[in-house]
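The values are calculated or read from the model by the stated rules, or taken from the named source; none is laboratory data. Because the structure is a prediction, the values reported are computed rather than measured. Reconstructed Cβ throughout: ideal geometry from the backbone, glycine too, with neighbour counts over all protein chains shown. The area values use the complete protein model at the heavy-atom level, side chains included, leaving out ligands, DNA and RNA. Shrake-Rupley method; radii C 1.70, N 1.55, O 1.52, S 1.80 Å.
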Protein chains: 2
Amino acid sequence: MTPQAPLIALNERIAAVNDVLNAASVLIWDSRTMMPAGGAETRGCQIATLTRVARDLLLSSETEAALDEAERGVEGLPEDSSERRIVLQTRHAIEHHRQVPAALIQARAALRTVAQAAWIEARSKSDFFIYAPHLAETVALSRDYADCIGWSEHPYDAMVSIYEPGETAASLKTLFTSLRAGLLPILGAARSQPAPRSDFLFRDYPEEGQRAFGLRLAEKLGYDLQRGRLDITVHPFEVSFTRNDVRITTRYNRNYLPASIFGTAHETGHGLYEQGVDPAYTRTTLATDLVGLYAVGGTSFGAHESQSRLWENHIVRSRTFWRLHFPDLQRHFPDQLGDVSPEEFYRAVTRVEPGFIRVEADELTYDLHIMLRVEIESALMDGSLPVADLPGAWNALIKRDLDLDVPDDARGVLQDVHWSTGYIGSFPTYTIGNVMAAQVMDTLRTQDEALDAALEEGKYAVLAEELRTRIWQHGRRFARDELLERVTGRGLDPKPYLAYLEGKYTR
Amino acid sequence: MTPQAPLIALNERIAAVNDVLNAASVLIWDSRTMMPAGGAETRGCQIATLTRVARDLLLSSETEAALDEAERGVEGLPEDSSERRIVLQTRHAIEHHRQVPAALIQARAALRTVAQAAWIEARSKSDFFIYAPHLAETVALSRDYADCIGWSEHPYDAMVSIYEPGETAASLKTLFTSLRAGLLPILGAARSQPAPRSDFLFRDYPEEGQRAFGLRLAEKLGYDLQRGRLDITVHPFEVSFTRNDVRITTRYNRNYLPASIFGTAHETGHGLYEQGVDPAYTRTTLATDLVGLYAVGGTSFGAHESQSRLWENHIVRSRTFWRLHFPDLQRHFPDQLGDVSPEEFYRAVTRVEPGFIRVEADELTYDLHIMLRVEIESALMDGSLPVADLPGAWNALIKRDLDLDVPDDARGVLQDVHWSTGYIGSFPTYTIGNVMAAQVMDTLRTQDEALDAALEEGKYAVLAEELRTRIWQHGRRFARDELLERVTGRGLDPKPYLAYLEGKYTR
């Protein structure tokens, strides 16, 4: 991108917004990895102030003037040029934020603090009704928010558009209906097979070995530690402070080895996306979510999740991967894995076992957990499901889909942090990520005959380079569906995902 | 402090300024302890943006309006009330920043990046003239800055006032002249004594043991790890993100044990000051350096240094301390310290040995290093010393004061980072800290007869409580000299410091 002269002033304004939002990200990373307990008291204020400052900078008359000038300046450029997209996305974000009064933003921020505390207490006591009034308030404010930014068919549309622009309650219904229809028979077939051996996964795995293997794994996949680092946290995440400082986190469960291995692979996938964004986009609109006020280089939550799922499931949770790298894992844990073969390890980490907890779910049941949440949060948004009926509705859906009886709210409706932080509408992006990952892999495998051979030899740089040129480098320049069409020739399509799952879990 | 109604709006504005400056501090801490190499590229922009945003918030019409209202509201309150001081200090800071054009701030910030890179290269090649043009520019911009904020007798006055309000070139000359006259005979007497045994300080001390002892030491002195943490860095520092998140750093020299012990004690002293600020001052003007645009609870650089020096030198570098705690150190390093007595250890860590490097200097030569720098930077400011003559002038002063021949610029004029970061005028605060530490300790010992007995038993909480009530809790409410007068009945007085040094080093 050669910045055209008319963009200079706008880019300067947005660079400051990006700086402030990246600073907020550093404060969030620190609060989840390094901060002593005492720091929590004021950290929330600091992050809230930075977000408010970023919004004020975006909505200032100086930015408006720079944007007006830029709009005139880019008129003759191609519609999909970086310059046009910068102008378009900035205008869209400003219009978005103009529709939301500051008072509503403050009310949502204030509620978040209270709601999270209530959720933590409710979950520890497994009592939904401690949290219920705060969730009711969250739903009410989310509906206010949806009304501000506008919707035509369903209020849920407005919330989903924040995380996954282009998707609506209706589009998700279409996608999920066909996905569900394809998934259930595969799940049935997989459950009819005998359970593989998995005892060795639960042995004693000291943290140092897990960390050492995790770092090697991340580097093997192409994650650059000169531009990143791996730390410990409670709820693992990836966060970037520009493409040259992209951090991943994990947790080590001493008695369950897969958690850190696949968790690290997952966050590495997110990290690779951020590390691969075009350097020219640094500190621009194309590396900033100006609507969500979050400094991120990937183009949507779903697109981001597609990259983490791709590396976690298509690469690391594969027979090929463990045939190549199980000996290395064995070297890290000779006592614990001495009596295990690569094939046994692969079968153990791909066993299918329906359970109550989403984050522990296997590949076949994971999306059922998501669909259940989407069904519920969309019904909360349109008022057809009162908050008081939530536990009953949740438990009925788990019974319907997984034939399990939820024993308590902690393992049911209270398990996820999302709603308590004010996120309603983000759950669909997990399944969109799964679908997109398979669709992209399917295309790459079809178009590049050498790819499978490279993966068979552990040459992950071949895949990384494909993804970098086709997806990562574009940052937020293209919307998710546009990107997907450029790569695969079509919009979101669940067929390759179902084919992948069928091949992996029923043969 | 019960915030008077008229202060509410002002406090809200300043809270946001404080949040943004604390965010900048987190980014600085991260860049010096955690950040991967790649992050440096954009981190400087992020910190610069936050500082600019803080200044803009301070100079905004909303802050001005809130300040006008607050000024009217606090009129009847005592002159030294928190409320009056908040208003006064905020007004002073706004007037300060109004005098400095944004272009000059940007020029200084831009120069800093280039000058630091040049200084690093110059030092590694030990060639002053690589850095000289940038220093000349730094001096020129500092003089512009001094002219903006105004001075009457000497341009250096303006620079010193940023770090140590109340001090001037003239007041420093008076202080340093009597200090120097007292110091030289003590140094002469100390140097005439036989050197103690110190071989054991240079043995092999693995990092884990140093870290474990350092953490115990910090906690022993009263540092609260629930509101802090200890990390590794190249140039140790302390930084706070409000009183409940105060972080210290150190470095471990495997072949020189005292570096981390006394370094950790020093930063702990800074940390105790910040952890001890009145909670009511959190996010207010009284915990923010609105002139320096730095979120800090201590009242001046010198006052801050007095607390670090007090704990480092008066407490930890004392015979009593090692009589009590040397056995614990021995337990951490049984092989390395098995043949050493507490008295031998004490004598080794108080040996006097003039050298080229300020940060390695003993208590008797340290202030000579400072006076030399103050002489030079004040002559740079008034133009009587051209930058090109600097190495010659430096080496001549080292010869005069320490009778040493500087072998190269790296061990001479290029050893300190300060000037390359744009800091001219901060050096005097180190010696002010030494003087103030001794003056405070002398008063406390005189007024509180139980103090010495408590220290003899290692009950450091008694001293910490005295310092907390007399100094720390007041944050930035009182200026340094005002604080000193409240505690000791008079302004800065070098006599207790000279008496302390004489007692420690010549008997």
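Scanning the stretch B:230-257 for residues that are free of Cβ contacts under 8 Å to residues at least 60 places away in the same chain and more than 20 Å from residue B:316 (Cβ to Cβ), we see that the one that is surrounded by the fewest Cβ atoms within 10 Å (Cβ to Cβ) is B:255. What are the pairs, 6+ residues apart or on separate chains, where a residue within the stretch B:364-381 that is part of a helix (DSSP H, G or I) has its Cβ under 8 Å from a residue that is open to solvent by 10 Å² or more (accessible area, probe 1.4 Å) and among the hydroxyl-bearing types (Ser, Thr, Tyr)? Close Cβ pairs (under 8 Å, with a partner that is open to solvent by 10 Å² or more (accessible area, probe 1.4 Å) and among the hydroxyl-bearing types (Ser, Thr, Tyr)) amount to B:366/B:430; B:367/B:430; B:370/B:430.
Table: residues versus (1) small (Gly, Ala, Ser); (2) in a helix (DSSP H, G or I); (3) open to solvent by less than 20 Å² (accessible area, probe 1.4 Å).
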position: B:272; (1), (2), (3): no, yes, yes
position: B:298; (1), (2), (3): yes, no, yes
position: B:307; (1), (2), (3): no, yes, yes
position: B:311; (1), (2), (3): no, yes, yes
position: B:315; (1), (2), (3): no, yes, yes
position: B:321; (1), (2), (3): no, yes, yes
position: B:326; (1), (2), (3): no, yes, yes
position: B:331; (1), (2), (3): no, yes, no
position: B:335; (1), (2), (3): no, yes, no
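With respect to the stated conditions, residue A:224 fails to be charged (D, E, K, R) and more than 21 Å from the chain's Cα centre (by Cα). Tell me whether the stretch B:49-57 contains one or more residues that are among the polar types (S, T, N, Q), within 14 Å of chain A (Cβ to nearest Cβ), touching a Phe, Trp or Tyr at 6+ places or on another chain (Cβ under 7 Å) and within 30 Å of residue A:11 (Cβ to Cβ). There is no residue in the stretch B:49-57 that is among the polar types (S, T, N, Q), within 14 Å of chain A (Cβ to nearest Cβ), touching a Phe, Trp or Tyr at 6+ places or on another chain (Cβ under 7 Å) and within 30 Å of residue A:11 (Cβ to Cβ).
Checking the stated criteria, residue B:264 turns out not to satisfy the condition of being closer than 30 Å to residue B:35 by Cβ and within 14 Å of chain A (Cβ to nearest Cβ).
Residue B:202 meets the stated requirement of being of a type in the set (Phe, Trp, Tyr), open to solvent by 10 Å² or more (accessible area, probe 1.4 Å) and either over 23 Å from the mean Cα position of the chain (by Cα) or within 30 Å of residue B:27 (Cβ to Cβ) (or both). Listed by first and then second residue, the pairs linking a residue in the stretch B:58-77 that is closer than 21 Å to residue B:292 by Cβ to a residue that is not hydrophobic (A, V, I, L, M, F, W, C), with Cβ atoms under 6 Å apart and 6 or more places separating them unless they lie on different chains, are B:59/B:97; B:63/B:13; B:67/B:90. Checking the structure you have, find out if any residue of the stretch B:61-77 is at pLDDT 95 or above, under 30 Å from residue A:284 (Cα atoms), open to solvent by 10 Å² or more (accessible area, probe 1.4 Å) and within 14 Å of chain A (Cβ to nearest Cβ). There is at least one residue in the stretch B:61-77 that is at pLDDT 95 or above, under 30 Å from residue A:284 (Cα atoms), open to solvent by 10 Å² or more (accessible area, probe 1.4 Å) and within 14 Å of chain A (Cβ to nearest Cβ).
Based on what the data block shows, is residue B:302 at pLDDT below 95 and in contact with a Phe, Trp or Tyr (Cβ under 9 Å, 6 or more places away or on another chain)? Considered against the rule, which asks whether it is at pLDDT below 95 and in contact with a Phe, Trp or Tyr (Cβ under 9 Å, 6 or more places away or on another chain), residue B:302 comes out as no. Of all residues in the stretch B:48-59, none are hydroxyl-bearing (Ser, Thr, Tyr), over 28 Å from residue B:141 (Cα atoms) and either open to solvent by 40 Å² or more (accessible area, probe 1.4 Å) or not in a helix (DSSP H, G or I) (or both). Count of the stretch A:269-324 residues, restricted to those that are under 23 Å from residue A:488 (Cβ atoms) and of a type in the set (Val, Ile, Thr), is 6.
If the condition is being out of contact with any Leu (no Cβ under 6 Å at 6 or more places or on another chain) and β-branched (Val, Ile, Thr), then the stretch A:173-231 contributes A:174, A:177.
Listed by first and then second residue, the pairs with beta-carbon distance under 7 Å, at least 6 apart or on different chains, first residue in the stretch B:14-28 and within 7 Å of chain A (Cβ to nearest Cβ) and within 13 Å of residue B:288 (Cβ to Cβ), second among the polar types (S, T, N, Q) and part of a helix (DSSP H, G or I), are B:16/A:49; B:19/A:46; B:19/A:49; B:20/A:49; B:22/A:46; B:23/A:46. Taken residue by residue, the stretch A:341-349 has at least one member that is within 23 Å of the chain's Cα centre (by Cα), surrounded by 17 or more Cβ atoms within 10 Å (Cβ to Cβ), at pLDDT 95 or above and assigned to a helix (DSSP H, G or I).
Applying the criterion of being more than 8 Å from chain A (Cβ to nearest Cβ) and open to solvent by less than 50 Å² (accessible area, probe 1.4 Å) to the residues of the stretch B:31-45, the residue that is farthest from residue A:282 (Cα to Cα) is B:33. Under the condition of being in contact (Cβ under 8 Å) with a residue 24 or more places away in the chain and outside any helix (DSSP H, G or I), the residues counted in the stretch A:385-410 number 5. Among the conditions (1) open to solvent by 50 Å² or more (accessible area, probe 1.4 Å); (2) within 26 Å of residue A:110 (Cα to Cα); (3) of a type in the set (S, T, N, Q), residue A:378 misses just one, which is (1). Against the numbered list (1) within 14 Å of another protein chain (Cβ to nearest Cβ); (2) open to solvent by 10 Å² or more (accessible area, probe 1.4 Å); (3) not aliphatic (A, V, I, L, M), residue A:289 comes up short only at (1). Residues considered: A:314, A:270. Of these, the only one that is of a type outside the set (Phe, Trp, Tyr) and without any contact (Cβ under 8 Å) to a residue 60 or more places away in the chain is A:270. State which residue pairs qualify: first residue in contact (Cβ under 8 Å) with a residue 24 or more places away in the chain and inside the stretch A:81-99, second residue of a type outside the set (Val, Ile, Thr) and in a helix (DSSP H, G or I) in any location, beta carbons under 6 Å apart, and separation of 6 or more residues or different chains. Correct list of pairs: A:83/A:7; A:87/A:70; A:87/A:71; A:90/A:67; A:97/A:55; A:99/A:148.
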